[in-house]
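Taking it in order: structure first as structure tokens, then the write-up.
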Amino acid sequence: MEEKEAKISCSIFQKQEPVIKHITEKINSAAGVKDKAEFADELQREVEVLLNCADFDEKTLDCKNCHFIANLRKKTADIIIKAKKLA
């Protein structure tokens, strides 16, 4: 299945996206929940950059899509961190 790249025209998103993808790859390749949770903390910090964007405009589709993606990633990180607490 072909993965489509996000086409959001925003310099902040374009700067954060490779960083977030790299952290996601580290989460996926980490062996244990503890290691995954450490990377999930890092992911949360990077996602917050997008969610706290000073240029956010709720009327812009790119901004809405960026926040939607960022919120999904934040929820994913939250789940990983909660799993660590249960382990």
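Some observations on this one:
- Taken together, the residues in the stretch 39-53 that are more than 19 Å from LYS64 (Cα to Cα) and surrounded by fewer than 16 Cβ atoms within 10 Å (Cβ to Cβ) amount to 2.
- Any hit, the stretch 67-76, residues being assigned to a helix (DSSP H, G or I), out of contact with any Gly (no Cβ under 8 Å at 6 or more places or on another chain) and at pLDDT below 95: no
The values are calculated or read from the model by the stated rules, or taken from the named source; none is laboratory data. Just so it is clear, the structure is predicted and the values come from calculations on it, not from any experiment. Note that we place each Cβ from the backbone using ideal geometry, even for glycine, and neighbour counts take in every protein chain shown.
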